[in-house]
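This report concerns only the one structure given below.
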Amino acid sequence: MEWIDVVDSAIKIGLGAAITGVATSLAAKRSHDREIDKARLTRKLDTIEQIAVNANKSFDCWRIVLMAMGPIYSIGNPTDPPTAMPEKWLQLENVDRQYLDNRTLISEVAAKLRLLRLKQARKTFNVVFNRYSVFRDQAIGRRQLPNKAEFEKLQDDLMKGSGVFFEELSESYIGAAGHAPS
């Protein structure tokens, strides 16, 4: 074998190895990028699920407070709330304490919605939360109850608002899941 044949064989082997190395490197990078995307998506879906669970718990607290107020309105439009039904107000204050104990859920939901940039769901959640907060401050904090029609409208608004919120959250979840890396 002549020196030219040796050089030719070395170039062919080296070139083949270089091509194989570059192809392997590109394939590994692509696979790594897909794994990162998959982990990011999994994390986002898990966070949306946590938002749903925490939002539902906070909405449940609101529903319990509103259900506890139902008997107060069963007599019509209460005029003197604290003295009209003292046992019901005591029960309501206990239920409200449970709501206050779970306020961190509301902050967590808002923070995670902000983190994921779910603007519409965050806006809806804030509207529902603020609607309840104003009512709670007025009714429980200052003992100024709205009339029965206003109370029923509040209940309806909160139920509809929470439904819209979960619908928007579901759309975000489905949209994210639809972009899963292959």
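None of the figures in this text is laboratory data; all of them are computed from the coordinates on show. Since this is a predicted model, take the numbers as computed values, not measurements. Backbone-built Cβ (ideal geometry, glycine too); neighbour counts: all protein chains shown.
Assorted remarks:
- Sum of -39500 (n - 2.57) over DSSP H runs of 4+, divided by residues of the chain (222 nm, nearest 500): -29500 deg cm²/dmol
- Long pairs among LYS88/LYS160; LYS44/LYS119; LYS88/LYS148; LYS57/LYS160, criterion Cα-Cα beyond 21 Å: LYS88/LYS160
- Short-range pairs are left out: with C-alpha atoms under 8 Å and at least six residues apart, the relative contact order of the chain is 29 percent.
- Cβ crowding within 10 Å, taken as a proxy for footprinting-reagent exposure, orders THR47, THR124, THR24 from fewest neighbours to most as THR24, THR47, THR124.
- For q = 0.09, 0.17, 0.19 Å⁻¹, Debye-computed log10 I/I(0) when each Cα of the chain counts as one equal scatterer: -0.50, -1.04, -1.18
- Residue among TRP89, THR42, SER172 farthest towards the positive dipole end of the chain, charges placed on Cβ: TRP89
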